[in-house]
Each structure stands twice: as structure tokens, then as C-alpha cells.
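Okay, so here's the structure we're looking at.
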Amino acid sequence: LKAMIAQIEPHFIFNTLGTIDSLCVDDTERAREVIGMFSDYLRANYHSIALHPMCSMGQEIEKLKTYTQIEQIRFNRLNVCYDVQETEFMIPSFTLQPLVENAIKHGICAKKKSAGTVTIRTYSDGKDYIISVSDDGVGFDKAAMQDGKVHVGIQNVEQRLSILCGGSLVIDSEIGKGTTCTIRVPGEHRGA
């Protein structure tokens with residue numbers, strides 16, 4: 001849990017503070033709004049990770065919405081869509097943000113000039129709960145994940161899913177089309 005708290009992307013924190021700084025000059029009301037969102041984000045994430053290793057999907061989505069609202073202010077060409085059909089099941093806290101963060105940073109922002117969309121979807125196939133985080137960004141060759149580098153965020157998500165709820169993560173990507181991360185959580189984790 002201490003590692004997860006330390007894992008919250010420092011770049012996101014610094015970039016958000018930079019966004020607030022520039023808004024203070026151009027749009028003080030919007031700056032105040034972002035400060036409030038950022039404060040809520042930090043409070044919700046630090047408390048939930050430290051005190052509750054598991055949370056309902058509904059709680060995870062609410063925390064994620066604050067994060068994506070801030071990112072949309074930073075990147076006006078970013079679209080975020082939610083197709084949330086199931087929320088009454090438990091997952092490890094702070095599971096989705098590293099995946100969405102990667103979709104934005106490595107998928108959408110890598111497109112340079114064109115807009116992009118990240119879609120978060122939850123549903124049940126009758127047996128498991130499925131969560132997908134997909135982007136229409138640049139995609140990548142899956143062999144690139146075998147580059148010998150430690151992909152801490154992805155490994156953290158995989159390990160916590162496996163240990164805390166018997167879940168799994170599969171990543172599919174196609175260069176020029178985007179990436180989809182699919183999480184499966186066994187149906188017995190129903191309850192919020």
C-alpha cells in the first residue's frame with residue numbers, strides 16, 4: 001500500500017500544479033475549480049489506498065472522473081467516454097487510473113496534433129465483471145512491452161488484481177489504431 005501511495009504519478013501532480021498556475025493568470029475562476037477538483041482527487045486517493053485496499057467500482061469510477069476532468073483541462077483535445085453498466089462489485093483501489101494515465105500519455109498525447117478518445121467501460125458477461133480501458137491513440141507493438149524495462153504501473157495493477165480479487169489484466173494494441181486494457185474480476189466479488 002505504501003508503494004501504491006508513492007506510485008501516484010508525480011508528473012500528474014506537477015502538471016496539474018502547472019495548469020493551476022497558468023489558469024491563475026488567465027482564468028482565476030477556472031483555477032479555483034481545478035484546485036477544488038485536485039484537492040478532492042488527492043484526498044480520495046490517499047485515504048482510499050491507505051485505509052481500504054478494495055473499493056466498489058462505483059467509487060473507483062468517481063475518483064477516475066475527477067482525474068479525467070483535470071486531464072481534459074490540461075489537454076483540450078482529449079475526449080473521455082464512460083459506458084458504465086456495472087458498479088456493484090469490488091476491485092483494488094486505484095486500479096484504473098494507471099491504465100487511463102497510460103492511455104492518455106502514451107496513446108492520445110503521442111498523436112501530437114489530433115484529438116483522441118479514452119473509453120472506460122464496465123459490464124458483466126454473466127460470469128465475470130469486465131472493465132475495459134481503450135484509446136484510439138497511436139498503439140504499440142506488444143513486443144515493445146518485452147523491452148526489459150520495468151513497467152511498474154502495469155505490474156502493480158496486475159499483481160494487485162491477482163492477489164486481492166483473483167482478477168486478470170490483458171493488454172491488446174495495434175499500431176495506428178490504439179490500445180485496449182481488459183480486466184476480468186470473478187463474479188463472486190459482487191457487493192459494494
Checklist outcome for this item: Quick note, segment 16-148: a/c under 1.5 would make it rounded; otherwise a/b > b/c is prolate and the rest oblate (a ≥ b ≥ c, C-alpha gyration tensor); here it is oblate
Checklist entry - Roughly speaking, what is the stretch gain from Asp40 to Ile154, that is 0.36 nm per residue apart minus the C-alpha to C-alpha distance, in nm to one decimal? => result 38.6 nm
Item to check | Accessible-area ranking of Ile163, Ile70, largest first, probe 1.4 Å | outcome: Ile163, Ile70
Checklist entry - Once the Cβ-Cβ distance between Arg32 and Gln69 is put in as r, and R0 is 25 Å, what FRET efficiency do you end up with, to the nearest 0.05? => result 0.95
Checklist entry - Straight-line reach from Lys105: which aspartates and glutamates have Cα under 13 Å away, leaving out those fewer than 8 places along the same chain? => result Glu9, Glu71, Asp135, Asp136
Checklist entry - At a probe size of 1.4 Å, how large is the accessible area of Leu42, to the nearest 10 Å²? => result 50 Å²
Item to check | Accessible area of Arg74 in the full protein assembly, 1.4 Å probe (Å², nearest 10) | outcome: 60 Å²
Checklist entry - In what sequence, largest accessible area first, do Arg32, Arg77, Arg121 appear using a 1.4 Å probe? => result Arg32, Arg121, Arg77
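The values are calculated or read from the model by the stated rules, or taken from the named source; none is laboratory data. Keep in mind it's a predicted model, so treat the numbers as computed, not measured. Cβ coordinates were reconstructed from backbone atoms using ideal geometry, including for glycine residues, and neighbour counts include every protein chain displayed. The area values use the complete protein model at the heavy-atom level, side chains included, leaving out ligands, DNA and RNA. Shrake-Rupley method; radii C 1.70, N 1.55, O 1.52, S 1.80 Å.
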